[in-house]
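Peer 1: I'd like to ask you about the structure that follows.
The values are calculated or read from the model by the stated rules, or taken from the named source; none is laboratory data. Since this is a predicted model, take the numbers as computed values, not measurements. In this analysis, Cβ positions are derived from the backbone assuming ideal geometry, glycine residues included, and neighbour counts consider all displayed protein chains. Keep in mind that these areas ignore ligands, DNA and RNA; they rest on the heavy atoms of the full protein, side chains included. Shrake-Rupley method; radii C 1.70, N 1.55, O 1.52, S 1.80 Å.
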Amino acid sequence: MTTFNIEDYLRPDIYEMEEYTPIEPLEVLSARLGLPPERIIKLDGNENPYGPSPQALAALADYGRYHIYPDPEHALLREAIQDYIGVDKAHIMFGNGSDELIDLIMRLVLGPGDAIINCPPTFGMYSFDAVICGAEVVRVPRRADFSLDVEEIRQRALDRPTIRPRLRLDHLTKKLLFVNSPNNPDGSLTSREDVLQLLELPLVVVIDEAYAEFSGTSVADLVPEHPNLIVLRTFSKWAGLAGLRIGYGIFPLDIIRHLWKIKQPYNVNVAAQAAALASLEHLDYLRANVQRIVTERERLYAELVQFDFLHPYPSHSNFILCRVLGRDARQLKLSLEREGILIRYFNKPGLRDCIRISAGKPDQTEVLIQALREVV
Ligand SMILES: Cc1ncc(COP(=O)(O)O)c(C=O)c1O
């Protein structure tokens, strides 16, 4: 056999792509810091510090059919979620986390020559998945206060053809717009009025509401009336099931019927389905925890704003973004890490010298604030 060169076989754009750096797993981090996992205060992943409901844990322990494949249509769950969300189950599909649905939507819509409109700073998976689909990313940055620039989005959606970044004159078809509300990492909301304006554009508009339970607002009810609106939700945050991977989307009927064709049949495992179902059957416990997290977010904001080297942004979510003033934000993150407190550090356009802190339990806030005082 002549020399086998893998480069000749792989997609050139993937071959050239930079590798993705995942967040360090807790066990690895605990070994590196020399701290047991229970000593680590994890405020870097916007997870729910209270975890799943006792009923979800009991459902996992009692479930007796782990040797049988899951229901590909998630019938019981779709029945249960229609009451929770107030939209008929015909519009609803579950995914292996809402991450899977972001990827699935893109695979349904995008190909070479197509583009998404992305509004950074925002959740990283939109541009990541678009690039894997071989599509382009048209950036319409948010304003300094993180609000959406609706007028600029309109301009960019309507101006076609355009020039590709590599200066090849081409017809780039903008097909999908991703808007995260409340937005990760700053926690700002996009108003219903702005969403309605965006729906006038010739685009499929995806509103990612991963954190909606912490803001108490949603546009899911608009989906049945709008053929170009998709709303994504998840059980990772409010229901404490991030590790089980289960999210869902609310889709127009003319989109969902095509999505069903391309979904992997067993995308959501039986454990995730059982835990999500039990969560929906016992909402009081989870809603009380959401309220605790919202209260803690407000208390955390009130504490953070007292530090003259921090500028926290008001948040409708379960985290707070802070600009670090006159200090090295990365050093601050590393100093907290040495104390076993994990936060997120950003240093990219729109997020220079920024840290993001998830709202934890009250005692975790105490330890964090004490550590910040000691850093001073
Ligand atoms: C805005 C946003 N969307 C989606 C997700 C992913 O949700 P899931 O765990 O359901 O894949 C996250 C997770 O952090 C997120 O911040």
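Peer 1: In the stretch 126-137, which residues are farther than 23 Å from D254 by Cα, within 15 Å of the ligand (Cβ to nearest atom) and in contact with a strand residue (DSSP E or B) (Cβ under 9 Å, 6 or more places away or on another chain)?
Peer 2: Answer for the stretch 126-137, where residues must be farther than 23 Å from D254 by Cα, within 15 Å of the ligand (Cβ to nearest atom) and in contact with a strand residue (DSSP E or B) (Cβ under 9 Å, 6 or more places away or on another chain): just S127.
Peer 1: What single numbered condition from (1) out of contact with any Leu (no Cβ under 8 Å at 6 or more places or on another chain); (2) on the phi < 0 side of the Ramachandran plot fails to hold for G34?
Peer 2: Every listed condition holds for G34 apart from (2).
Peer 1: If I ask for residues that are among the aliphatic types (A, V, I, L, M) and outside any loop (DSSP other than H, G, I, E, B), which ones from the stretch 29-50 would you list?
Peer 2: L29, A31, L33, I41
Peer 1: In a helix (DSSP H, G or I) and either open to solvent by less than 30 Å² (accessible area, probe 1.4 Å) or of a type outside the set (V, I, T) (or both): is that true of L177 in this structure?
Peer 2: Answer is no for this residue.
Peer 1: Looking at (1) within 13 Å of the ligand (Cβ to nearest atom); (2) open to solvent by 20 Å² or more (accessible area, probe 1.4 Å); (3) hydroxyl-bearing (S, T, Y), which one does S218 not meet, given that it meets all the others?
Peer 2: Condition (1) is where S218 drops out.
Peer 1: Hey, does the stretch 77-90 have a residue that's in a loop (DSSP other than H, G, I, E, B) and closer than 30 Å to I355 by Cβ?
Peer 2: No, because not a single residue in the stretch 77-90 is in a loop (DSSP other than H, G, I, E, B) and closer than 30 Å to I355 by Cβ.
Peer 1: Among the listed residues G111, G97, identify the single one that is under 14 Å from the mean Cα position of the chain (by Cα) and either within 12 Å of the ligand (Cβ to nearest atom) or without any contact (Cβ under 8 Å) to a residue 40 or more places away in the chain (or both).
Peer 2: When all the criteria are applied, what remains is G97.
Peer 1: Hey, another quick one. Can you find a residue in the stretch 13-33 that is touching a Gly at 6+ places or on another chain (Cβ under 8 Å), closer than 19 Å to N96 by Cα and surrounded by 15 or more Cβ atoms within 10 Å (Cβ to Cβ)?
Peer 2: No - not one qualifying residue is present in the stretch 13-33.
Peer 1: N46 is checked against (1) buried (at least 16 other Cβ atoms within 10 Å of the Cβ); (2) modelled with pLDDT under 95; (3) in contact with a strand residue (DSSP E or B) (Cβ under 9 Å, 6 or more places away or on another chain) and fails just one. What number does that condition carry?
Peer 2: Of the numbered conditions (1) buried (at least 16 other Cβ atoms within 10 Å of the Cβ); (2) modelled with pLDDT under 95; (3) in contact with a strand residue (DSSP E or B) (Cβ under 9 Å, 6 or more places away or on another chain), the odd one out for N46 is (2).
Peer 1: Here's a follow-up. From R143, R65, which residue is under 22 Å from the mean Cα position of the chain (by Cα), surrounded by fewer than 16 Cβ atoms within 10 Å (Cβ to Cβ) and modelled with pLDDT of 95 or more?
Peer 2: R143
Peer 1: If you check I102 against the conditions, is it closer than 20 Å to A220 by Cβ, outside any strand (DSSP E or B), more than 13 Å from the ligand (Cβ to nearest atom) and in contact (Cβ under 8 Å) with a residue 12 or more places away in the chain?
Peer 2: no
Peer 1: With respect to L148, determine if the residue is of a type in the set (A, V, I, L, M), more than 13 Å from the ligand (Cβ to nearest atom), in contact with a Ser or Thr (Cβ under 9 Å, 6 or more places away or on another chain) and touching a residue at least 12 places away in the same chain (Cβ under 8 Å).
Peer 2: yes
Peer 1: A follow-up question, please. Condition test on I343, is it in contact with a Phe, Trp or Tyr (Cβ under 7 Å, 6 or more places away or on another chain) and within 26 Å of E209 (Cα to Cα)?
Peer 2: No; evaluated as a whole, the condition is false for this residue.
Peer 1: Consider E200 against the criteria (1) without any contact (Cβ under 8 Å) to a residue 12 or more places away in the chain; (2) charged (D, E, K, R); (3) crowded, with 23+ Cβ neighbours inside 10 Å: it satisfies all of them except one. Which criterion is unmet?
Peer 2: So the condition that E200 fails would be (3).
Peer 1: Here's a check for you: in the stretch 223-245, which residue that is within 17 Å of I105 (Cβ to Cβ) and touching a strand residue (DSSP E or B) at 6+ places or on another chain (Cβ under 7 Å) is nearest to the ligand (Cβ to nearest atom)?
Peer 2: T234
Peer 1: Give me the pairs, please: first residue somewhere in the stretch 60-81 and among the basic types (K, R), second residue anywhere and in a helix (DSSP H, G or I) and open to solvent by 60 Å² or more (accessible area, probe 1.4 Å), beta-carbon distance under 8 Å, and either six or more positions apart or on two chains.
Peer 2: R78/K89
Peer 1: What helices (runs of 4 or more DSSP H) lie completely within the stretch 231-323 and have 2 or more residues being open to solvent by less than 70 Å² (accessible area, probe 1.4 Å), of a type in the set (A, V, I, L, M) and without any contact (Cβ under 8 Å) to a residue 12 or more places away in the chain?
Peer 2: 283-304
Peer 1: While we're here: Which is under 30 Å from V270 (Cβ atoms) and not polar (S, T, N, Q), of C119, C133?
Peer 2: Every option except C133 fails the conditions.
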